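In what follows, a single structure is set out as structure tokens and then discussed.
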Amino acid sequence: MSGASAPIEIAGLRKVFRQTTTGESIVAIDQLTLRIEPGELVAIVGKTGCGKSTLFDLLIGLEHPTAGSITIGAKTPYDDFNDFRGKIATIFQQDRLFPWRSAIDNVKLPLELIGIAEDVQQDRAMFWLKRLGLENFANAYPRELSGGMRQRVAIARAFAVQPEILLADESFSALDEVTANDLRKTFVDLAREFRSTAILITHQLEEAMSVGDRIVVFGKSAALLADIRMKDWDRSDHAMLRSAIQNTLQANAPDERLKR
Ligand SMILES: Nc1ncnc2c1ncn2[C@@H]1O[C@H](COP(=O)(O)OP(=O)(O)OP(=O)(O)O)[C@@H](O)[C@H]1O
Ligand SMILES: [Mg+2]
């Protein structure tokens with residue numbers, strides 16, 4: 001895997017939805033500007049409804065911005081959808097496996113879609129299932145697997161395309177703490193090993209602080225309330241950081257202690 005080569009440049013991004021029932025406009029993202037370097041591991045935290053998943057929908061080209069842009073190596077995921085096939089992979093909260101496909105066939109699916117030769121598909125899918133400790137379950141169907149195992153298949157599927165960018169939207173929050181920690185660590189180790197840019201959305205501050213090189217705190221409409229680089233802080237600052245991030249989220253305004 002070559003790793004990511006281009007930064008993600010988000011400039012003046014705005015996304016407004018019109019509610020079908022009320023006709024009311026909802027500003028999911030308002031004027032977001034953010035640059036993420038290749039290979040960076042970023043955790044996004046923010047209250048429910050603040051626009052985190054909407055940002056992912058724009059990043060994977062499912063939605064178009066109302067204004068502003070996302071540029072990755074001179075292209076945009078929503079206008080140049082095909083250029084990003086196999087370059088961006090997402091792991092959702094629910095595993096989103098196809099129940100009628102075995103574990104290995106689920107991992108192979110995106111490889112089929114990007115036109116990878118059948119023997120390479122098989123080898124690569126098996127390689128990733130092994131990495132995730134599922135070599136004995138390759139032919140099992142999702143219903144025969146536990147939630148943690150299914151999420152492991154989803155991680156294998158995401159890594160198998162050798163993406164430059166990995167997105168995880170609360171991918172570990174439905175699992176017990178031990179399994180969640182384990183899978184989170186696997187995800188981070190793999191992202192670092194393959195030098196993918198990784199963005200992880202989470203509600204859990206502990207998760208954000210243990211994972212990210214950087215923690216981005218979103219307020220209402222994805223307002224950038226804080227952008228914390230973990231290397232600028234000592235281990236002994238962590239308790240303070242946790243409380244400052246909590247305050248920031250509660251007040252929807254940056255905590256003084258985060259300013260450096
Ligand atoms: N397709 C859509 N149509 C209309 N409104 C939408 C759509 N998608 C999102 N929204 C609205 O945009 C806002 C942001 O939603 P989003 O899903 O991005 O929040 P979130 O930060 O991911 O929240 P959570 O932490 O609960 O997952 C919400 O008010 C939501 O109702
Ligand atoms: Mg969401």
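The table below gives the values:
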read-out: Lone unmet requirement of (1) within 18 Å of the chain's Cα centre (by Cα); (2) modelled with pLDDT of 90 or more for residue 253; value: (1)
read-out: Restricting the stretch 153-189 to residues that are within 16 Å of ligand 2 (Cβ to nearest atom) and among the charged types (D, E, K, R), the residue that is nearest to residue 60 (Cα to Cα); value: 169
read-out: Residue list for the stretch 24-68, filter: away from ligand 1 (no atom under 12 Å from the Cβ), in contact (Cβ under 8 Å) with a residue 60 or more places away in the chain and either under 18 Å from residue 80 (Cα atoms) or part of a loop (DSSP other than H, G, I, E, B) (or both); value: 37, 38, 39, 40, 60
read-out: Meets criteria (within 16 Å of ligand 2 (Cβ to nearest atom) and touching a His at 6+ places or on another chain (Cβ under 8 Å)) for residue 58; value: yes
read-out: Residue 51 being within 23 Å of residue 203 (Cβ to Cβ), surrounded by 15 or more Cβ atoms within 10 Å (Cβ to Cβ), among the small types (Gly, Ala, Ser) and in contact with a helix residue (DSSP H, G or I) (Cβ under 9 Å, 6 or more places away or on another chain); value: yes
read-out: Single unsatisfied condition, residue 82 versus (1) surrounded by 15 or more Cβ atoms within 10 Å (Cβ to Cβ); (2) away from ligand 1 (no atom under 16 Å from the Cβ); (3) assigned to a helix (DSSP H, G or I); value: (1)
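The values are calculated or read from the model by the stated rules, or taken from the named source; none is laboratory data. These figures come from a predicted structure and were not determined experimentally. As a convention, Cβ positions derive from the backbone with ideal geometry for all residues, glycine included, and neighbour counts pool all protein chains shown.
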